[in-house]
Amino acid sequence: MSTRTNEYAQPIGEPVPGWSSRPVPAGVTLEGTSCRLEPLDAERHADDLYAAYRAAPDHRDWTYLFVGPFDHAEDYRRYAEGAARSTDPRHYAVIERKTGKAVGALALMRIEPTHGVIEVGSVVFSPLLKQTPISTEAQFLLMAYVFDELGYRRYEWKCDSLNAPSRKAAERLGFSFEGIFRQAVVYKGRNRDTAWFSILDKEWPSLKQAFQAWLSAENFDEQGRQRQSLTDVRQRYSV
C-alpha cells in the first residue's frame, strides 16, 4: 500500500473527507428481538438489577470493575442514581423482553465526538444474562447505534489485562487486540495494566452481517442452542 506524503515528503495519514464532529449518545431506547436497551433509571431498574446480580454465587463479577460489590440494595440504588444522572458514561439497562425485567447494564464512555471515538464499558451482566443470545444482542444493539446512527469511526473495549473472560468476550464480539497500556490505572488500591481492543467503522458492515446471521432464529435449534458459533459466522463474513 502506497504512503501519502505532503509537500515536505513526510508520510501523512489518509484524508477523511467530509468529516465533522459526531453527536453525543442520547438517552435512547434501542429495540431488539430478545431484549431492549433503556436509559438507566434507578426507580425503574435498580431493584431488578440488584436482584439479578444477587443471583450470582459470589462477588467475582465485580473484581475487575471500578465499583461494587454491593451488599445492600440501598447501596446499589445510590450507585444507580448517580450513574443514571451521568452523560459520560451514558448507562443503559438491558431489559429481557420475555420478562420485562432488567438483567444487566452497560455504558458508552470516554466519548470523543470530535474524533469519532467511543468506548463501551461498565459492562455488568447478571447470571440471567451471561452466555445467552440476549447478551450478544445487547452488545450488537449498542454497536449499531454507535456506527449506524451516530456515525463514529472507532469503538473501543478496554479491560484489566488480567481479566481473561473480558478479553475473550472482546475477541468473540469481533474486537481487535491492540496491546497493553502498562500501569494505566489504579483502582481498588491496585494496579491495572489495561488491554485495548477496537472495532473500526470500515470493519462494521461485515461484522454487522455476522451478528445478524448469528442472532437469526435459523441459527438456534428447538432447545435454543446455537448451530454455529459467532466466531465461525464472523469468519464467513470477514473481508
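The numbers here are math on the coordinates, done by the rules we state, and not lab data. Small disclaimer: the values here were computed from a predicted structure and weren't measured. Cβ: placed from backbone, ideal geometry, glycine included. Neighbour counts: every protein chain shown.
Quick check on my filter: what residues within the range 206-227 are within 22 Å of the chain's Cα centre (by Cα) and surrounded by 13 or more Cβ atoms within 10 Å (Cβ to Cβ)? I'd like the intermediate steps shown before the answer.
From the range 206-227, those within 22 Å of the chain's Cα centre (by Cα) are 206-216, 226; that's our starting set.
Matches in the range 206-227: SER206, LEU207, LYS208, GLN209, ALA210, PHE211, GLN212, ALA213, TRP214, LEU215, GLN226.
Looking at the range 164-184, is at least one residue in a loop (DSSP other than H, G, I, E, B), surrounded by fewer than 15 Cβ atoms within 10 Å (Cβ to Cβ) and out of contact with any Phe, Trp or Tyr (no Cβ under 6 Å at 6 or more places or on another chain)?
No, the range 164-184 contains no residue that is in a loop (DSSP other than H, G, I, E, B), surrounded by fewer than 15 Cβ atoms within 10 Å (Cβ to Cβ) and out of contact with any Phe, Trp or Tyr (no Cβ under 6 Å at 6 or more places or on another chain).
For the range 109-122, the tally of residues that are touching a residue at least 40 places away in the same chain (Cβ under 8 Å) and assigned to a strand (DSSP E or B) stands at 4. Number of residues in the range 127-163 that are buried (at least 16 other Cβ atoms within 10 Å of the Cβ) and in a loop (DSSP other than H, G, I, E, B): the value is 9.
The C-beta contact set for the range 130-154 (first residue in contact (Cβ under 8 Å) with a residue 60 or more places away in the chain and closer than 13 Å to ILE199 by Cα, second residue assigned to a helix (DSSP H, G or I) and among the polar types (S, T, N, Q), distance under 9 angstrom, 6+ apart or interchain) comprises PHE140/GLN212.
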